[in-house]
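Chemist: What follows is a structure written as structure tokens; I'll ask about it next.
The values are calculated or read from the model by the stated rules, or taken from the named source; none is laboratory data. What you see is a predicted model; the values in this text were computed from it and never measured. Positions of Cβ are generated from backbone atoms using ideal geometry, with glycine treated the same way; all protein chains shown enter the neighbour counts.
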Amino acid sequence: MRRLRILAYGVVLLLTVGLRAQDGGGMKHLHISTEMRTDYRNDLGRPGIGVEPGDNGFRVNNLFLRIDGQIDDHLSYAFRQRLNRLNPDPSVMASVDWAQLIWSPDDKWSLAAGKQVMEVGSMEYDANPNDVFRYSEWIQQAAAYQLGASVTRHFGAHDDVVFQITQSLCDNAGLHRYFSYNVSWRHTAPDVWRPYWSAHLHQYGPRQYMAMTALGNRFYFGRWWICLDWIHRTTLGYLRTNGRPAEDFSIIGCCDWQVTDHVTLTVEGSYDHNADDAGDGLAFLGTRLGVIGGGLLWYPNATKQYRFHATVNHTFGENAPQGTLPAEAWGLNVGLTWRLDLVKN
């Protein structure tokens, strides 16, 4: 109860600040928004493969509070917190996805520091979690939100190259002593092809590193939207021992067809494979797991602030014992997502 009161006081304070900003209280821009997805989930599978009946039923999947603002012509900030996620003491930042300051001295450069989204060029990884109904296996193991710093070089309005150093993507244990070194390129022009590519060096132990590339691609054809990701991983220890990259990769695909202004059909699938690299902690040795799913999205109003969804998915193949997704299981997901602006100026 005490935490709920603190949360309520915080929201009231943010709204007060926002209203003051709208009246000229020193802010150039402030946007406070909230978003929530609630689901009914029912996963079915063979006994003993990891499907827990207690995980089924109604749940709040994600409840976001997002704050974006601009203090002056060069300094801005971005913040997002998942209010449905517990903060295990003393890790008060566990539920914060990002909280960073961004300094832009001109239109060519931006420097940011704080808790950030790691730059990984995968469209599945980059998507809003409320828009993904069954993730691939590797992303279940990735610690995507980490403390770090980044430098962005803007090439015009539609091309960004980002250089970033963060705590490691492989640091699920929260040891805070390993690092990731990332570089990415994103193209956002309204073209048919909109790539998001990246290259990485992730530390997962003392003098132990994993090289990773992620090639994410979006394609737009009128009312059709298609994505295709290729992610390859190999530990440097494996490369030194075997002299060739590991057979360790993930493929992700998705397709949305906007049938009408209110109805969209969606299909998504993935395949994670690790045949020989025992050092990979994102898709464990022995993983040969596929996921296929799809369903219907219904937007009742033209602003698309509300969305109903009904999807099914199926996993097939084999997963390593340490993996998250059970093999040969079916899943049903029915729910509601809403997105609202609380303050916008």
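Chemist: Within segment 274-290, track down each residue that is more than 28 Å from Gln258 (Cα to Cα) and part of a strand (DSSP E or B). Break it down into steps so the answer makes sense when it comes.
Modeler: As a first pass, look at segment 274-290 and keep what is more than 28 Å from Gln258 (Cα to Cα): 274-289.
Asn274, Arg288, Leu289, listed by residue number.
Chemist: Of everything in segment 146-161 that's at pLDDT 95 or above and surrounded by 20 or more Cβ atoms within 10 Å (Cβ to Cβ), which residue is farthest from Arg194 (Cα to Cα)?
Modeler: Only one residue tops the list, namely Gly148.
Chemist: If I ask for residues that are within 30 Å of Thr264 (Cβ to Cβ) and in contact with a helix residue (DSSP H, G or I) (Cβ under 8 Å, 6 or more places away or on another chain), which ones from segment 187-227 would you list?
Modeler: Tyr196, Ala214, Gly216, Asn217, Arg218, Cys227, listed by residue number.
Chemist: Taking Tyr145, is it touching a residue at least 40 places away in the same chain (Cβ under 8 Å) and in contact with a helix residue (DSSP H, G or I) (Cβ under 7 Å, 6 or more places away or on another chain)?
Modeler: no
Chemist: (1) among the aliphatic types (A, V, I, L, M); (2) within 30 Å of Thr38 (Cβ to Cβ); (3) without any contact (Cβ under 8 Å) to a residue 60 or more places away in the chain: which one isn't true of Leu325, the others all being true?
Modeler: (3)
Chemist: Now a separate question. Of everything in segment 125-136 that's more than 20 Å from Leu201 (Cα to Cα) and part of a helix (DSSP H, G or I), which residue is nearest to the chain's Cα centre (by Cα)?
Modeler: Here the answer is Pro129.
Chemist: I'd like the full set of residues that are modelled with pLDDT of 90 or more, exposed (fewer than 12 other Cβ atoms within 10 Å of the Cβ) and outside any strand (DSSP E or B), limited to segment 54-112.
Modeler: Within segment 54-112, Asp72, Asp73, Pro105, Asp106, Asp107, Lys108 meet the criteria.
Chemist: Filter segment 108-140 down to residues that are more than 16 Å from Ala78 (Cβ to Cβ), of a type in the set (S, T, N, Q) and out of contact with any Ser or Thr (no Cβ under 7 Å at 6 or more places or on another chain), then give me how many there are. Break it down stepwise before answering.
Modeler: Pass one, segment 108-140, residues more than 16 Å from Ala78 (Cβ to Cβ): 108-109, 120-125, 127, 129-140.
Filter once more, so that each one left must be of a type in the set (S, T, N, Q): 122, 130, 136, 140.
After this cut, where a residue has to be out of contact with any Ser or Thr (no Cβ under 7 Å at 6 or more places or on another chain) as well, the list is 122.
Summing the residues that are more than 16 Å from Ala78 (Cβ to Cβ), of a type in the set (S, T, N, Q) and out of contact with any Ser or Thr (no Cβ under 7 Å at 6 or more places or on another chain) in segment 108-140 gives 1.
Chemist: Could you tell me whether any residue of segment 231-243 is in a loop (DSSP other than H, G, I, E, B) and modelled with pLDDT of 95 or more?
Modeler: Restricting attention to segment 231-243, the residues satisfying the condition of being in a loop (DSSP other than H, G, I, E, B) are 243.
Those still in the list that are modelled with pLDDT of 95 or more too: none.
Among the residues of segment 231-243, not one is in a loop (DSSP other than H, G, I, E, B) and modelled with pLDDT of 95 or more, which makes the answer no.
Chemist: Let me ask something else about it. Could you tell me whether Gly323 is of a type outside the set (Val, Ile, Thr) and in a strand (DSSP E or B)?
Modeler: Here the answer is no, as Gly323 does not meet what is asked.
Chemist: I would also like to ask the following. Output the number of residues of segment 240-280 satisfying the condition of being crowded, with 22+ Cβ neighbours inside 10 Å and either within 18 Å of the chain's Cα centre (by Cα) or without any contact (Cβ under 8 Å) to a residue 40 or more places away in the chain (or both).
Modeler: Selection size over segment 240-280: 8.
Chemist: Sort out which residues of segment 291-315 are among the small types (Gly, Ala, Ser), surrounded by fewer than 20 Cβ atoms within 10 Å (Cβ to Cβ) and in a strand (DSSP E or B), and write them in order of number.
Modeler: Selection gives Gly294, Gly295, Ala310.
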